[in-house]
1. From the helices alone, meaning DSSP H stretches of at least four residues, give me the mean residue ellipticity at 222 nm for the chain, per-run term -39500 (n - 2.57), in deg cm²/dmol to the nearest 500.
2. Rank-order 173-180, 123-130, 243-250 by packing density, defined as the average count of other C-beta atoms within 10 Å over each peptide's residues, highest first.
3. Could you give me the ³J(HN,Hα) list for region 111-120, computed from phi with Karplus coefficients 6.51, -1.76, 1.60 and θ = phi - 60°, whole Hz, x at Gly and Pro?
4. What whole-number value in Å² describes the accessible area per residue of region 208-279 for a 1.4 Å probe?
5. Quick one: with all protein chains in place, what share of the accessible area of the chain is carbon or sulfur, to the nearest percent (1.4 Å probe)?
6. Based on the mean of other beta carbon atoms within 10 Å per residue, what is the order of 161-167, 261-267, 10-16, most packed first?
7. How much of Ile2 can a 1.4 Å solvent probe reach, expressed as accessible area in Å² and rounded to 10?
8. Using a Gaussian network for the chain with springs between C-alpha atoms less than 10 Å apart, which of these wobbles most: Gln76, Gln200, Gln218?
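The values are calculated or read from the model by the stated rules, or taken from the named source; none is laboratory data. For clarity, every value in this text was computed on a predicted model and none was experimentally measured. So basically every Cβ, Gly included, is an ideal-geometry build from the backbone, and we count neighbours across all protein chains shown. These area figures cover heavy atoms from the full protein model, side chains too; ligands, DNA and RNA do not enter into them. Shrake-Rupley method; radii C 1.70, N 1.55, O 1.52, S 1.80 Å.
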Amino acid sequence: IITMQNQYGAPIQYRDSDRTYYYDSEQPAFQLPGIWLTAQELRGIVTVLNILRELNDGLVANELDHVQQQLHDYMQQRGLKVEDITQRIKVLSVGRRSINNAVYQQVTDALFGRKQIEIQYASIKQTISRRSVSPQTLVLYRDNWYLDAYCHQRQQLRTFMLSRINSAVISVIDAIEFNHEELKQHFHNSYGLFSGENLQTAELLFNSHVAHQVSQQQWHAEAIGQWRGNDYYLTLPYNDERELLRDLLAFAPDVQIIAPEELKSAYIKRLTAAIENNL
């Protein structure tokens, strides 16, 4: 009874007249905790919630507040300091773009409600278009949120950056749904975020200055690497060269593009343009 009263806040009272304990029904509704976790498990869950809150920039604050408060209470009951997590574990996001909270809510509601959604989308050149899309998956990639969806105008699976969605309205029309294997084949069969079916294979050779770093980096599930002396030879599938080029430029001048020729030419063109822009 003491544990119920002190540790879980149960409204249990003592009645002198008949020397019994009873549940005070006039107090707010009470339930026993739904989860039983060790101190280490609680600390891990609270850490994940704090990371999610930071990465979402407040987008899921309302959804997390109640859960996080309960976990904080459990931690305090076990003698854990919640402030230790926020002070000693930091999440620093680079290049994160802000997202309209109303857009995020509409997209997630449509995603789980299996409904189409009408969006106003801005391209990288700020050209505005209106799309009807069937949302499939929401992806957090390199600190930014993306929506994998079927575009009814283009009649193709496409990826939309949430920060470029200016407005979103849920439709009453049911969304077209694709199974997991179809989505995996389209969106995850090549390197990076940009997807498609026309795959090419990049052959890359990293010299000894960056070889160990590259060998420990997770590039792609189907990437194959092997040592050639002190150099590291890597092959990986890609569909769209844009993201791959950005990553390879970060390793200049310590990477050699062996194949394909189109990727090598695009790499040289980027380097040349950068040099000319700084002369």
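1. Working: 9 runs with 100 residues, N = 279.
Value at 222 nm, helices only: -11000 deg cm²/dmol.
2. Values: 173-180: 13.5, 123-130: 8.6, 243-250: 16.0.
Per-residue mean Cβ counts within 10 Å order the peptides as 243-250, 173-180, 123-130.
3. With coefficients 6.51, -1.76 and 1.60, one gets 4, 7, x, 6, 10, 6, 9, 9, 10, 10 Hz.
4. Details: 4570 Å² over 72 residues.
Heavy-atom SASA per residue in region 208-279 reads 63 Å².
5. Values: 8420 of 17430 Å².
The value for the chain is 48 percent carbon and sulfur by accessible area.
6. Working: 161-167: 17.4, 261-267: 14.7, 10-16: 12.3.
The densest-packed peptide leads the list: 161-167, 261-267, 10-16.
7. Here the residue's solvent-accessible area equals roughly 120 Å².
8. Result: Gln218 has the largest fluctuation of those listed.
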